[in-house]
Each structure stands twice: as C-alpha cells, then as structure tokens.
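Here's the structure we're looking at; comments come further down.
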Amino acid sequence: MERKYQDLGTRLAEIHDLKSAAALLEWDQTTYMPPGGAPARARQVATLERLAHERFIDPAIGRLLDHLRAYEESLPYGSDEASLMRVTRRDYERAIRVPPSFVAELNSHTAESYQVWSVARPANDFAAVRPYLQKTLDLSRQYADFFPGYEHIADPLIDRADIGMKASSLRPLFADLRDELVPIVRAITAQPAADDACLRQFFPGAKQVAFSTEVIKRFGYDLTRGRQDVSPHPFTINFSVDDVRITVRISEDMLGEEMFSAFHEAGHAMYEQGVAASLEGTLLAEGTSAGVHESQSRLWENIVGRSYGFWSYFYPRLQAAFPDQLSGVSLDTFYRAINKVEPSLIRTGADEVTYNLHVMLRLEFELALLEGSLEVQDLRAAWHERFSADLGIAPPDDRDGVLQDVHWYGGVIGGQFQGYTLGNILSAQFYEAALKAHPEIPDDTAEGRFETLHSWLKEEIYRHGRKFTAPELVERVTGSPMHIEPYIRYLREKYGESYALPASDAAVGPLLPSD
Ligand code: ZN
C-alpha cells in the first residue's frame, strides 16, 4: 500500500511540476514578455497543459486510486494522505469525463476569443466578440453535459469553482443579500456623497508601490517567498508554496488603485504561502475554492485595509510619503474618501456596498444564457437595461458595460462570478470567528500589528490548502454553515457610523420595482 501511495505521489508531483512550469510561462507573459513572444508562448503553455492533463487522466491513476481506497478509509479524514487521495479522486473523476479533444478545443477557442476581446474592448466593439461569445456559450453547455444529472445546466460550471454550490443554492442566498443591501445603498446614496477629491491628485507610482509594499510586509506577506510586479490586471500566481507572486496595477491619478490591489492580492498570496509545507508539490497546495480564496483577499483589502483603526495608524505614514498631496487632508476626510459609496460602472472599482450588485447581475446573465432564456445577441441590451435598473446609472458604452470583464472572453460562461460575493460573505464570517477567538485584533490593527490575525488565519484556514471543501472548512472554522448575517452586521456597523441607515427590517421596497 505504501508503495502504491508513493507511486501516486510521484505521478502527481510530476503533473504539478508541469503545471507550475506552465504557470511561470503565463506569469512571464503578463509581466515581462515582449509582445512578439505571444504566439510561441501560447503554444508552449498549451503543450505543457496538455501533457499535464494527459498524465492526470491516465487510467493508471484510476487504478492506483482504486487500489488505495481501503488505505484511504483506514486513515483519519483530515490526514494529509487521506485528503490527498480523496481530493485526487474527486479531481480525477471530474477530469476523465471531459475528453482531451474538448479541452484542446476550449483552450484554443478561449485563447483566440481573448485576443479578439483585447482589441474589441478598447474599440467598444461588441459585434466583433459576439460570434466568439456564442461559441463560448455552446462550449460551456457542452461542458455541463459531460456531467449529466445536474439540476441546472450551470451547476457543473459553478461546482468547478465553488464546490457544493449550485444555482438553486445561490439564487436564494443572493436574493436574501440583495434584500438587505438595496435599502442600505438607497439610504447612503440619498445622503451627501463623500468627497474623494483628495485621492484624485498626482501620486508618483514608485512611491505608491513603496508604501503598499511596507504595508503588505506588515500583514505577513513574505517577500523572500514572493515578489510584486506590475501588470494590466492584478493577479496572484504560485509555482510552489515558497514562491507565490502578486502583481498590481498602478494609477498615478488615483490613490488607492495600486494600494488596494496590493492589499487584495497579498491576501490571496498569504493564503497560498500559508499552506502547510507537507502539502507542497501536491494538488492540495492551493486555496480550496473561489469563494474562500476571495474571502482572504477581501478580508485584508476591506475589513482590515479600509478600517478606521488601520488608517489611524497608517495615515500619518501615508501623509509622510505624500506631504504635498495629503498634509492638508484630515484622517476623517481620507477615511470617508476611501469608503465612498456610489453606484459605479466598473465591478473591480466598486465600493463594498454596491459591489455585490455587480456580481448578482452577472450571475443572472450566466444562468439565463446557459438556460437559453437570454440570447447572446440580446446580452448587450439586457446589460444596459438591468444595469440601469439595479445601479441607477446607464453604461455609456460597451467598453464599461458588457465588455468590461475578461472572464467570459478568456474562459467559460458559468461559475465565473459567484465566488466574489461568496468571498465577501465569508470574509465577514471568518473575521467574526477570529474576533471571538482574539478580541484584541482591532486594537492590534490600530497599532499596525497583524501577527495575531495572520496566525489565526494560517492555523484555521491557510495551512489546510484544499484538504477540506469550502462547506467543510466554513463549518470547522466558524461552527456553522455559510450565512450572510455577519457580512450584513459588518456593513451596517461600519457604514452606520457615517450614514443614517434604515432598520434592517424596514420595507423600503426594491431598487428595481419590476425585479
Ligand atoms: Zn481576488
């Protein structure tokens, strides 16, 4: 049994190495590669990914897993060994349902679609991407059909990112959240808006990076096992638990874009740096789901990084870095500026309160497209209509409307967005559990110290990697399943300090009467 387990481990490590090599090529592609390298690089990445996939769906892996079933059952559920066999079996059974020819077709289609989108978005040309989006939808439906027996056609796609979730669980969860959020948005936007002019000045990029780097080091992001670079779309990527890199986007006319993307990505990266060393080189050495991953980025970005306590410590330091821009701006003005609530066009730049409304409409579109109740040719008009109704502003063009997110143009339709809102919900639920264990965390934050929070997250969440599914992990860490109350409490408490809010059961009516 030992020998068979070692054989499995060796095979998985080789697959992990192939994938890590592909990831490094992708990192280079989005940071330093000259544009001329693109065609060859696409081929190189595709080759490595194909080799990794072929090795993983090798029937020999299936036979090893069959032989090892008794061994797995003899070990404690949470042991490294049992977890590796269990999660490998789950991944394997999913992977073998999808023919390699389909994987190749999907990858080459999405690569092409991404290229077309990257030209079409700045040109505001939805018509150019429409046929590609249609094919993406067809392929996404085909993918779902490799998993017959689903309740909703989106379920296999949702489950891929957030295991255990499906359309019928997301819809009521999001509806409940929406019922709570809409009266808060309406109340805040009916009051005088925060003035964020202090953020809209010239802030040299290098100084911004220097400041945010100091902060994320204090959070606990280990730069001897990571690095920070600049890319058009911020992301986190790992090649091992000891090499987890982030990128940020710099705007010199708007303070916050670089800083909060650094806090956000550092949250993702600390999660992966915190996976137990014993899991390195295995498919457990990652975050467990899109939602849990996002909970870690949002926790550091928003719950910590946009809190008053945090800035009571760091604002004098920020003022020292930018005396010309900020010496005349009070802490209260700055705090209100970075927490300005305002319906806006772009999801990634949206404030904490309106952000989830952006996610909800995308999820509804994904479900409707997959169901066939919305046609690709009608998506553009539907986006305008629903966006105006939900957010109260109309996108002036498609660039900042239906073309704004890369997800549908560089991947499948389905399961792409729910993780962001699940992450917001979970960030507050995990943070409440952390406060219960360590009520001193807010005081630490106000002194620029994060060891207690970081250690708790490592112990409770990070070190497990993918050992436990998101529902298992949430139950273990917080003692209950995922629920929205901590997040609503968090928003009400925070924004209730700056704005008059209606009681939570107030019948204010929906923002969108017809919805
Ligand atoms: Zn994120």
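List of remarks:
- Two numbers describe the Cα atoms of region 59-209: Rg and Dmax, which are 23.4, 67 Å.
- Stokes-Einstein D in µm²/s, Kirkwood radius over Cα pairs - region 87-174 at 37 °C with 0.692 mPa s viscosity: 222 µm²/s
- Counting charges near ARG336 (Lys, Arg +1; Asp, Glu -1) among other residues having Cβ under 15 Å from its Cβ returns a value of -3.
- Both radii are taken from the alpha-carbon atoms of region 234-314; with Rh as the Kirkwood radius, Rg/Rh is 1.03.
- When the charge dipole of the chain is built from unit charges on Cβ atoms (+1 for Lys and Arg, -1 for Asp and Glu) and taken about the Cα centre, the candidate among HIS407, ILE441, ALA382 whose Cα reaches farthest toward its positive end is HIS407.
- Whole-Hz couplings from phi, Karplus 6.51/-1.76/1.60, listed for region 392-403; x for Gly and Pro: x, 9, 9, x, x, 7, 7, 3, 9, x, 5, 8
- Three semi-axes describe the equivalent ellipsoid of region 95-146; taken as square roots of 5 times the Cα gyration tensor eigenvalues and ordered largest first, they are 25, 11, 6 Å.
- Ranking of GLU257, GLU105 by count of other Cβ atoms within 10 Å, fewest first: GLU105, GLU257
- Partner aspartates and glutamates for LYS4 [C-alpha distance under 14 Å; skip if fewer than 8 residues away on the same chain]: ASP66, GLU72, GLU81
- Mean projection area, nm², convex hull over Cα of region 193-238: 5.0 nm²
- Calculated diffusion of region 437-501, Stokes-Einstein form, Kirkwood radius summed over Cα pairs, 20 °C and 1.002 mPa s, µm²/s: 153 µm²/s
- Percent of alpha-carbon pairs separated by more than 18 Å within region 286-443: 67 percent
- 0 to 90° range, to nearest 10: angle between helix 355-371 axis and the chain longest Cα axis: 40 degrees
- Counting 0.36 nm for each residue step from ASP66 to ASP242 and taking away their Cα separation leaves a gain of 60.1 nm.
- Between the residues HIS67, LEU48, PRO34, the greatest Cα displacement towards the positive end of the dipole of region 28-87, with unit charges on the Cβ of Lys, Arg, Asp and Glu, is found for PRO34.
- Extent of region 187-299 along its three principal axes (Cα atoms, max minus min coordinate, largest first): 52, 36, 25 Å.
- With the convex hull drawn over the C-alpha atoms of region 357-505, the volume per residue is 187 Å³.
- Interatomic Cα distance distribution for region 357-417, bins of 10 angstrom, percent: 22, 61, 17
- Rounded to 10°, Cα long-axis angle of helix 167-189 versus longest principal axis of the chain: 10 degrees
- The alpha-carbon atoms of region 319-363 define a convex hull whose volume equals 86 cubic angstrom per residue.
- Residue exposure sequence - VAL275, VAL406 - by fewest surrounding Cβ within 10 Å: VAL406, VAL275
- Order of TRP408, TRP117 - criterion: other Cβ atoms within 10 Å of each residue's Cβ, fewest first: TRP117, TRP408
- Values of log10 I(q)/I(0) for region 1-107 across q = 0.12, 0.19, 0.21 Å⁻¹ run -0.50, -0.96, -1.08, by the Debye formula with one identical scatterer at each alpha carbon and no solvent.
- Ratio of the Cα radius of gyration of the chain to 2.2 N^0.38 Å, where N counts its residues: 0.97
- With respect to the chain, whose longest principal axis is taken over its alpha-carbon atoms, helix 418-437 is tilted by about 80°.
Here, each number is a calculation from the coordinates, and none is a lab measurement. Computed from a predicted model, the values in this text were never measured in an experiment. Cβ coordinates were reconstructed from backbone atoms using ideal geometry, including for glycine residues, and neighbour counts include every protein chain displayed.
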